[in-house]
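Dropping the structure in here first, questions after.
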Amino acid sequence: MATQPMPESILSADQEQIRSLLLLNETIQKLNSDLDFDSLLDRISIEVKQLLGCVETSIWIRDADSNEMVLEGMCGCSTEKCGKRLLIGEQGMVGHVAATGRTRYAPDVLDDPFYIRCEDDTRSELTVPLIHNGDVVGVFSASSRIEDGFCPEKRELLQHLASHMATAISNARSFTRHRSEREEARRIQLSLFPRTTPLAEQFHIQGLCVPAGEVGGDWYDYFRLPDGRIAVVLADVSGKGMPAALLMSSTRGILRASAPFISKPSEALVRLNQMLVEDLPPERFITMIFGILDPQARTFTYSNAGHPWPIYTNGHTRYLTEASGLPLGVKEYQFVDDVVELTPGSRLLFYSDGIAEAENRLREDYGTNRLMEYAASPGLSTELLLADVSAFSGSRTFADDATIVLIQST
């Protein structure tokens with residue numbers, strides 16, 4: 001028996017449904033891929049306007065503090081501006097939908113008691129709540145110049161899309177808020193690094209830190225002591241991110257407060273270690289070089305708590321290994337000091353392991369040998385060394401915080 005051909009009307013209806021589903025899926029994918037809040041709202045306004053074939057769309061976001069809906073995104077409107085506010089439950093279809101959590105459709109806006117006129121030629125309006133985890137986070141509104149301009153299929157399409165819009169908006173708000181918090185944390189952390197170098201005749205001190213993320217656990221500092229000597233420190237807190245940054249900040253405060261009352265670096269490390277052993281969790285520790293530059297005596301006295309060995313150049317280049325000890329926070333420990341003479345032309349290089357362990361595309365480390373060779377090169381500076389490490393790794397970003405401190409005697 002021959003197969004009867006399907007009526008053209010049925011075929012075209014099926015094709016239109018398939019087309020609508022494909023467009024819906026494409027729109028959902030685009031929304032889920034955008035985590036920038038402002039960009040997402042623009043995308044929603046434009047994409048859904050095209051999907052529904054309407055003349056105007058607007059997105060209202062709930063302000064929980066003021067119990068108002070705030071216009072945050074729109075497309076096709078010529079009379080309103082972002083920032084407009086409507087009282088929830090009191091003003092407009094938007095306020096009504098935000099209060100009830102239910103969709104409202106006005107086939108003829110002139111007959112709807114909640115409608116507030118926007119464009120003169122608007123004839124119908126569809127307003128849906130954007131609900132995430134049971135809460136109304138926003139309201140989406142679409143307008144048409146045609147009376148009863150939203151057929152049941154379009155209303156169903158927008159209803160289905162609303163939950164995806166709500167999720168995308170909530171995710172973007174969370175991401176944007178956290179990004180703002182991370183940026184603020186980075187700004188605060190960078191403010192903890194020294195802004196100026198203490199003046200010391202015949203000596204020049206440089207410091208540079210590039211955190212691997214928004215915030216990091218590396219810290220360097222130099223500051224003048226009451227007797228005129230200059231304290232210099234470079235530390236690396238185990239771990240990354242906000243926990244390491246918070247521990248670094250508290251360690252900085254303790255060391256800066258105690259440094260003026262000690263005579264040698266090992267005393268400061270012993271006191272700091274006693275506090276950290278009591279407070280740090282077992283998986284946390286801090287490596288640190290702490291030293292005191294005496295410009296008059298042209299000496300640098302330092303103590304090392306598990307940090308990579310400094311590199312000393314004075315005619316020849318070598319590592320300073322004499323004052324090495326355990327990292328801070330591991331157990332009670334008696335640190336020792338070593339004294340280095342800084343004759344004219346000599347220099348000291350301190351660095352965190354993010355420098356020596358920077359990898360290239362072949363997973364090879366920059367390494368201590370390459371670092372030693374570069375430390376001996378004429379015209380060494382923190383910027384040039386960092387540029388060489390970046391050129392080796394093929395990237396301006398690092399997998400770990402990268403910090404350098406350089407003391408040069410002239």
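Take the Cα coordinates of the range 219-285, assign each an equal point scatterer, and use the Debye formula without solvent to give log10 I(q)/I(0) at q = 0.17, 0.24 Å⁻¹.
-0.62, -1.13
With bins 5 Å wide starting at 0, give me the P(r) of the range 155-269 over every alpha carbon pair, in whole percents.
2, 10, 16, 16, 14, 10, 8, 5, 5, 4, 3, 3, 2, 2, 1, 0
P(r) for the chain: what percent of alpha-carbon pairs falls in each 10 Å bin, starting at zero?
Going from the shortest bin to the longest, the percentages are 4, 18, 20, 12, 10, 13, 12, 7, 3, 1, 0.
What length, rounded to one decimal in nm, is gained on full extension from Phe193 through to Glu373, with 0.36 nm per residue of separation minus their alpha-carbon distance?
Result: 62.0 nm gained on full extension.
Then there's this: Apply the a/c threshold of 1.5 to the C-alpha gyration tensor of the range 193-409 and tell me whether it is rounded, prolate or oblate.
In terms of gyration-tensor shape, oblate.
Oh, and also: Once fully extended, how much extra length lies between Ile254 and Thr100, figured as 0.36 nm per residue of separation less the alpha-carbon to alpha-carbon distance? Each step should come with its number before you reach the end.
On the way: separation 154, 0.36 × 154 = 55.44 nm, distance 5.44 nm.
Extra length from Ile254 to Thr100 when fully extended: 50.0 nm.
Based on the inverse mean of 1/r over its pairs of different Cα atoms, what is the Kirkwood hydrodynamic radius of the range 262-359, in Å?
Working: mean 1/r = 0.0700 Å⁻¹.
Here the Kirkwood hydrodynamic radius works out to 14.3 Å.
Within the chain, which complete DSSP H helices have Cα atoms spanning at least 20 Å along the helix axis and a mean Kyte-Doolittle hydropathy of -0.5 or higher?
Sorted by number, the helices that extend far enough and score high enough are 8-32, 37-52, 241-258, 265-279.
Note down the relative contact order for the range 22-184 as a percent, whole number, built from C-alpha pairs under 8 angstrom at least six residues apart. Walk me through the numbers before you get to the answer.
Details: 312 pairs, mean separation 38.8, N = 163.
It rounds to 24 percent for the range 22-184.
Here's a follow-up. Report, in cubic angstrom per residue, the convex hull volume of the C-alpha atoms of the range 340-380.
Normalising the Cα hull of the range 340-380 by residue number yields 79 Å³.
Then there's this: Excluding same-chain pairs closer than 8 in sequence, count the lysine pairs in the chain whose Cα atoms lie under 21 Å apart.
Step by step, the pairs that qualify in the chain add up to 6.
Hey, what did the chain get for relative contact order, percent, Cα under 8 Å, at least 6 apart?
12
Another question, if that's okay. What range in the chain is the longest one free of trypsin sites (Lys or Arg not before Pro) that are in a loop by DSSP and have at most 12 other Cβ atoms within 10 angstrom? Provide the component values of the computation, followed by the final result.
On the way: sites that count: Lys81, Arg102, Arg117, Arg195, Lys331, Arg361, Arg363, Arg396.
Within the chain, the longest run free of exposed trypsin sites (Lys or Arg not before Pro) spans 196-330.
Quick note: the coordinates plus some simple rules give every number you see, no bench work behind them. Please read these numbers as outputs of a predicted model, since none were measured by experiment. Cβ: placed from backbone, ideal geometry, glycine included. Neighbour counts: every protein chain shown.
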